[in-house]
Amino acid sequence: MSRQRFPYLLAACLLAPALAFPVPALAVALHDHQGGPSGEEPQRALDLPAVTPEQVRAEVSPEEVKALGQEHADEHARTRLGLRAAGEYPQSTRTARLKALTDSQTQLNSALDPATVGAFKEYFPSPDFAAHIAMLPTGKVLLFSFERIETNPQKEPAPTDVIGAENAGRAFLWDPHKGTGPEAFKKVSPPTVVMPDGLNQPRPAPFFCSGHSFLPNGMLGVYGGNLGGNGGSGAKLALLFDPWSETWTQNQDMATGRWYPSVVTGPDGRQLIMSGQSELGWGTPTPIVERFPALNRPVPFAKTDRPANQPLGRFKADAPFTRDYPQLFALRDGQIYAFGRQPAEQWVFDPVAETRADLPPRPDGATRSYGSAVPLPGGWEGPDSALILGGDRDNPHTYKFAGGKWTTEQPRAIGRTQDDTLVLPDGTLFTVNGAYDIRDYGNGPYNPNADLKYRRTELRDAQGSWHPGPVQRLPRGYHSNAVVMPDGRVLVTGDELQQLANNPDITSDMNGTIEIYEPAYLHQGPRPALDQVPQRPLPYDSRFTVTTSTPDQVRRAVLLSPTTATHSVNTSQRHLELRIKAREGNTLTLQAPPGAAAAIPGWYMLFLLDASGVPSTAQWVQLGPAAPNDGTVLH
């Protein structure tokens with residue numbers, strides 16, 4: 001959760017960059033909850049109660065004085081004390097904020113062409129903040145986070161430093177086929193556990209700020225979480241969500257606690273778990289790498305393969321990251337590429353030899369906060385490069401790693417942290433969400449009023465150029481998330497502070513919100529149709545047939561992996577072109593990816609696309625373990 005460290009306090013004193021793109025109807029935006037015209041000093045979010053000098057000096061730590069100076073540290077202390085004493089955030093303010101954001105979004109986007117930049121079409125309440133998200137192979141979406149301890153968005157709502165029963169997790173499933181009302185959500189609480197905090201108080205597992213990725217059978221492995229106390233202590237939890245039975249199971253604890261770890265699935269179907277703050281608390285990142293399943297345990301490929309109480313295995317090489325949530329990707333050479341937040345912490349891991357090798361330092365030379373990264377589409381052979389994007393509010397450049405070296409690519413319009421960037425079915429990229437820093441949207445920490453630029457989405461075309469997209473309704477920064485759905489739309493959610501600040505009824509059980517973005521391809525004419533796909537797992541390099549009632553429209557076939565994300569980390573993204581080997585009437589013969597290094601084993605969304613990139617609604621297919629290709633065509 002948010003850590004009020006001194007660099008972030010110092011960040012509140014810096015001026016936000018000027019708006020970096022042209023915006024239609026900009027006059028509306030200049031008063032969009034920013035306290036005054038653009039370029040003027042923002043108004044205070046609220047009138048803070050007076051505090052005594054004795055209270056201020058008791059609040060300030062020596063480390064803060066050393067970092068900021070006495071006067072500046074006192075100023076921050078007065079602000080913190082005033083916020084604590086300010087009382088509840090009024091419902092009238094929440095209601096007015098949401099109305100203003102809704103009105104400005106409508107006006108700002110009214111001049112935009114959905115066929116060019118897409119459009120935001122739906123916005124509805126959700127029962128969860130969705131600090132974590134997973135697009136499941138059942139077509140349902142798993143949302144999970146924590147039980148809030150505050151409703152005031154100017155305070156920390158997450159129980160990071162809480163021990164005992166209040167430090168608890170929660171999870172929900174959204175079924176898009178049931179609509180957008182409360183009945184479309186189902187509570188799927190994690191296992192009840194007793195954490196080793198000395199209080200012996202059972203509660204739903206506090207798995208927030210964990211790491212996760214998919215196993216080949218579609219189940220979601222979730223590792224780590226919040227033990228509570230000491231600025232963020234890592235839990236040793238190892239959990240599994242089964243999308244087929246919609247239940248959780250627990251495996252044996254990890255060797256070390258992990259708060260903010262990253263997890264990636266390799267070509268063998270096993271997950272590698274790296275980094276995270278240990279059970280000792282903030283400032284103790286663990287270098288230990290663990291693997292699930294352990295090498296002496298089978299990899300679960302079938303829906304009925306459900307590991308429970310299974311051990312993890314120790315990977316021989318360490319991963320000495322000094323910052324949490326590194327970006328991990330399995331590229332087409334079968335290696336695991338690990339891009340750390342520190343410029344020199346760039347490594348590649350061999351999952352077979354269990355070794356680590358150095359990669360060249362990232363050329364920006366700066367520490368990056370939470371920001372997105374994606375493996376770039378690489379045709380039918382799978383991705384061979386990755387693009388590092390956000391995480392530096394002052395640097396809009398993007399950095400590509402390919403062939404053992406870095407290149408500086410075309411920049412986005414602004415530098416932003418806490419963003420989410422997705423690979424769409426047509427191979428283009430979409431950036432949504434973002435902020436100035438942790439809990440800071442341009443007007444200081446814990447101030448919900450956001451600079452407009454962080455609501456503006458960005459689009460990257462096939463040539464690598466970025467263009468402004470439409471404005472989302474809520475600004476969403478820390479703990480924001482987004483995933484591509486089987487119908488080609490994008491689900492956007494997360495950021496508990498903004499959801500609390502804009503809740504139309506804070507007394508209800510609908511704590512979060514979901515917004516749906518329709519990419520431009522959904523406004524460019526009729527979709528191709530994908531009618532039937534094989535129901536058996538597809539061996540690598542095999543040929544299989546699908547049927548379509550619109551064969552003349554189809555020009556491409558694409559596999560897109562379902563993704564699971566948190567804190568701008570989405571290690572599951574993968575886009576592959578499938579070779580169309582034959583056409584006969586309404587039947588297409590396609591060729592599966594050449595091997596597990598090209599396409600990690602597991603479930604994928606299969607899209608058919610027309611010449612303009614308009615996708616069908618996807619059907620789910622599973623790539624199974626490697627098997628000899630005997631020439632059989634699967635139907």
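Some values worked out for this structure:
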| quantity | calculated |
| --- | --- |
| By average C-beta atoms within 10 angstrom, highest first, the peptides 591-603, 502-514 | 591-603, 502-514 |
| Over the chain, relative contact order from alpha-carbon pairs under 8 Å, at least 6 apart, % | 15 |
| With Cα atoms, 0 to 90° folded angle of helix 91-109 axis to the chain main axis | 50 |
| P(r) tail fraction, region 180-306 - alpha-carbon pairs more than 20 Å apart, % | 45 |
| Of Pro363, Pro293, Asn230, farthest towards positive along the dipole that unit charges on Lys, Arg, Asp, Glu beta carbons give the chain | Pro293 |
| Positive dipole terminus of the chain, leading residue within Pro114, Thr550, Leu199 (C-beta point charges) | Thr550 |
| Size of charge dipole - the chain - debye, nearest 20, with Cβ of Lys, Arg +1 and Asp, Glu -1, no other charges | 880 |
| Per residue solvent-accessible surface (Å²) - the chain, probe of 1.4 Å | 35 |
| By average C-beta atoms within 10 angstrom, highest first, the peptides 321-333, 188-200, 414-426 | 414-426, 321-333, 188-200 |
| Extreme residue, positive dipole direction of the chain, given options Pro216, Ile133, Thr587 (C-beta unit charges) | Thr587 |
| R0 of 51 Å, Cβ-Cβ distance Thr102-Thr138: FRET efficiency to nearest 0.05 | 0.95 |
| Simple spin-label estimate for Lys581 and Lys303 in nanometres, 7 Å along Cα-Cβ | 2.7 |
| Cα convex hull volume per residue for the chain (Å³) | 143 |
| Cα gyration tensor shape of region 428-524, rounded if a/c is under 1.5, else prolate or oblate by comparing a/b with b/c | oblate |
| J(HN,Hα) series, region 352-369, from Karplus relation 6.51 cos²θ - 1.76 cosθ + 1.60, nearest Hz, glycine and proline x | 8, 6, 6, 10, 10, 10, 6, 10, x, x, 5, x, 6, x, 10, 6, 10, 7 |
| Pairs beyond 21 Å (Cα-Cα), from Lys400/Lys453; Lys178/Lys303; Lys155/Lys186; Lys140/Lys186; Lys121/Lys186; Lys155/Lys453 | Lys400/Lys453; Lys178/Lys303; Lys155/Lys186; Lys121/Lys186; Lys155/Lys453 |
| Acute angle (nearest 10 degrees) that the helix 70-85 long axis makes with the longest principal axis of the chain, alpha-carbon atoms | 80 |
| Chain lengthening between Thr180 and Ala294 when straightened (0.36 nm per residue, less Cα-Cα) | 37.0 nm |
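The values are calculated or read from the model by the stated rules, or taken from the named source; none is laboratory data. Computed from a predicted model, the values in this text were never measured in an experiment. All Cβ positions, even for glycine, are placed from backbone atoms using ideal geometry, and neighbour counts span all protein chains on display. Side chains included, ligands, DNA and RNA excluded: accessible areas come from the protein's heavy atoms. Shrake-Rupley method; radii C 1.70, N 1.55, O 1.52, S 1.80 Å.
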